[in-house]
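Chemist: Quick one: the structure is below, and I'll ask about it shortly.
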């Protein structure tokens, strides 16, 4: 996977998609700082996710951003998404490959070097570590730190994505320690100080 250091943001959707979200996303993606956009809707049924996904895929394609589906490999196939992100309790990589072929498959590895090794042996396209900081976006049982990030970067042959509570005050530390991409959600969509367009502009 080719890495553009200027496009270090792995943007994750909010939990609910409002009517004005599509326009907001289009504006945010025009910042040229985002490589991936992940659709993560835990409380939507398949049909609703499909309807939303069709619109979001067009916006991502227009802005040259990779469109990733969280958890749902069948939805990723149906939408013709660029790939799928899988947690440790989701479908196994081998099964996902049978469904979506050589599309991108990313794996949540929490704070575990063992899980990173397993994911890379199974030909994951990227691994995600976290949570690095406290976050309200989702409940986190696992805490990652800079030491684990450094260790993983020494041997992992795939991009490493840092996730969890990443915002203006802490994002540079992760980039300085060679995180390839930063997974960000609340800082963009639920920021009390900046609108989404202003929030993405602050990340340089």
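The values are calculated or read from the model by the stated rules, or taken from the named source; none is laboratory data. The structure presented is a predicted model; accordingly, all values stated were derived computationally and were not measured. A quick note on method: Cβ atoms are made from the backbone with ideal geometry, for glycine too, and the neighbour counts reach across all protein chains shown.
Chemist: Among 144, 81, 162, which is in contact with a helix residue (DSSP H, G or I) (Cβ under 6 Å, 6 or more places away or on another chain) and surrounded by 15 or more Cβ atoms within 10 Å (Cβ to Cβ)?
Modeler: Criteria check complete, one pass: 162.
Chemist: Filter the range 165-175 for residues that are surrounded by fewer than 21 Cβ atoms within 10 Å (Cβ to Cβ) and either in contact with a strand residue (DSSP E or B) (Cβ under 9 Å, 6 or more places away or on another chain) or part of a helix (DSSP H, G or I) (or both) and give the result.
Modeler: Once the filter is applied, which keeps residues that are surrounded by fewer than 21 Cβ atoms within 10 Å (Cβ to Cβ) and either in contact with a strand residue (DSSP E or B) (Cβ under 9 Å, 6 or more places away or on another chain) or part of a helix (DSSP H, G or I) (or both), the range 165-175 yields 165, 167, 172, 173, 175.
Chemist: May I pose another question? Which condition from (1) over 20 Å from residue 106 (Cα atoms); (2) assigned to a helix (DSSP H, G or I); (3) without any contact (Cβ under 8 Å) to a residue 60 or more places away in the chain; (4) in contact with a helix residue (DSSP H, G or I) (Cβ under 9 Å, 6 or more places away or on another chain) is the one that residue 188 breaks?
Modeler: (3)
Chemist: While we're on this one: Which residue is modelled with the lowest pLDDT, if the candidates are limited to the range 131-141 and must be out of contact with any helix residue (DSSP H, G or I) (no Cβ under 7 Å at 6 or more places or on another chain) and loosely packed, with under 15 Cβ neighbours inside 10 Å?
Modeler: This residue is 138.
Chemist: Residues that are touching a strand residue (DSSP E or B) at 6+ places or on another chain (Cβ under 8 Å), surrounded by 19 or more Cβ atoms within 10 Å (Cβ to Cβ) and at positive phi: does the range 51-68 have at least one?
Modeler: Within the range 51-68, none of the residues are touching a strand residue (DSSP E or B) at 6+ places or on another chain (Cβ under 8 Å), surrounded by 19 or more Cβ atoms within 10 Å (Cβ to Cβ) and at positive phi.
Chemist: Looking at (1) more than 23 Å from residue 175 (Cα to Cα); (2) free of Cβ contacts under 8 Å to residues at least 12 places away in the same chain, which is the one condition that is false for residue 63?
Modeler: Going through (1) more than 23 Å from residue 175 (Cα to Cα); (2) free of Cβ contacts under 8 Å to residues at least 12 places away in the same chain one by one, residue 63 breaks only (2).
Chemist: Taking the range 32-79 as the region of interest, how many residues are part of a helix (DSSP H, G or I) and within 28 Å of residue 179 (Cβ to Cβ)?
Modeler: Residues flagged as part of a helix (DSSP H, G or I) and within 28 Å of residue 179 (Cβ to Cβ) within the range 32-79 amount to 11.
Chemist: Within the range 90-117, take every residue that is assigned to a loop (DSSP other than H, G, I, E, B) and touching a strand residue (DSSP E or B) at 6+ places or on another chain (Cβ under 9 Å) and give me the one that is surrounded by the fewest Cβ atoms within 10 Å (Cβ to Cβ).
Modeler: Among those that are assigned to a loop (DSSP other than H, G, I, E, B) and touching a strand residue (DSSP E or B) at 6+ places or on another chain (Cβ under 9 Å), it is 92.
Chemist: Select from the range 15-30 the residues that are within 17 Å of the chain's Cα centre (by Cα) and crowded, with 18+ Cβ neighbours inside 10 Å and list them in ascending order.
Modeler: Once the filter is applied, which keeps residues that are within 17 Å of the chain's Cα centre (by Cα) and crowded, with 18+ Cβ neighbours inside 10 Å, the range 15-30 yields 17, 25, 28, 29.
Chemist: Next up: Quick test for you: out of 201, 157, 178, pick the one residue that is closer than 20 Å to residue 25 by Cβ and either assigned to a loop (DSSP other than H, G, I, E, B) or in contact (Cβ under 8 Å) with a residue 60 or more places away in the chain (or both).
Modeler: It is 201.
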